[in-house]
Amino acid sequence: MSRIIALILLGLCAIPAHADCAGVAEKMNATLYPAGHGVAKELRYSHCKLWSFDPSKTIVALVHFQEGSSYSVPPDDTEGLYDLTLLVVKSDTNEIVSRLVQKGAFTSDAIHFDGISIDTAPYDIVKGLRAFGVSAGFSNSSAMVRVEFKKINLYVAQASG
């Protein structure tokens, strides 16, 4: 019984860390990528995570389909290139500390881009330099030869300036 209570309490402790991130990706998207008529550029995938290494910072990843990059005929808005905007923001104010934009970061074609997640495992590049990861998932829809894999890129936060 005490193990169950401990697990429940552990789960409750994790809720505030996730709640701190609620709506941050959408807010940052609306601020950085406003579109006409007050509607922000459409987010396809996004992820936000409190950085356990430095809880005063939150990592935000925004993904947008790159207009005009469709490989399909007629064009569709799923097969083509996806751009990644990676932000490190102050957890309390959402002020941007670091920003990186990678055009065409992900490709989606016969092997579909399925989305991203932020990985805050302790990636120590060198002593005193910690990285975080952005993991991207890919799969196909073949019933004969199923393909599914993840790719991870590591990033080091540097102050924008």
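The values are calculated or read from the model by the stated rules, or taken from the named source; none is laboratory data. Computed from a predicted structure; not experimentally measured. Note: ideal-geometry Cβ built from the backbone for every residue, glycine included; neighbour counts use all protein chains shown. Remember, those area values only see protein heavy atoms, side chains included, never the ligands or the DNA or RNA. Shrake-Rupley method; radii C 1.70, N 1.55, O 1.52, S 1.80 Å.
Scan segment 10-17 and tell me whether some residue there is touching a Lys or Arg at 6+ places or on another chain (Cβ under 9 Å), at pLDDT below 80, open to solvent by less than 70 Å² (accessible area, probe 1.4 Å) and assigned to a loop (DSSP other than H, G, I, E, B).
No - not one qualifying residue is present in segment 10-17.
How do the strands (runs of 3 or more DSSP E) wholly within segment 51-161 filter down when requiring 1 or more residues that are in contact with a Lys or Arg (Cβ under 9 Å, 6 or more places away or on another chain), of a type in the set (Gly, Ala, Ser) and exposed (fewer than 15 other Cβ atoms within 10 Å of the Cβ): which remain?
Details: elements: 57-65, 80-90, 96-108, 112-126, 129-139, 148-155.
The strands (runs of 3 or more DSSP E) meeting that bar are 129-139.
Restricting attention to segment 118-127, does a residue exist that is closer than 24 Å to Thr58 by Cβ, modelled with pLDDT of 95 or more and in contact with a His (Cβ under 6 Å, 6 or more places away or on another chain)?
Yes, because at least one residue in segment 118-127 is closer than 24 Å to Thr58 by Cβ, modelled with pLDDT of 95 or more and in contact with a His (Cβ under 6 Å, 6 or more places away or on another chain).
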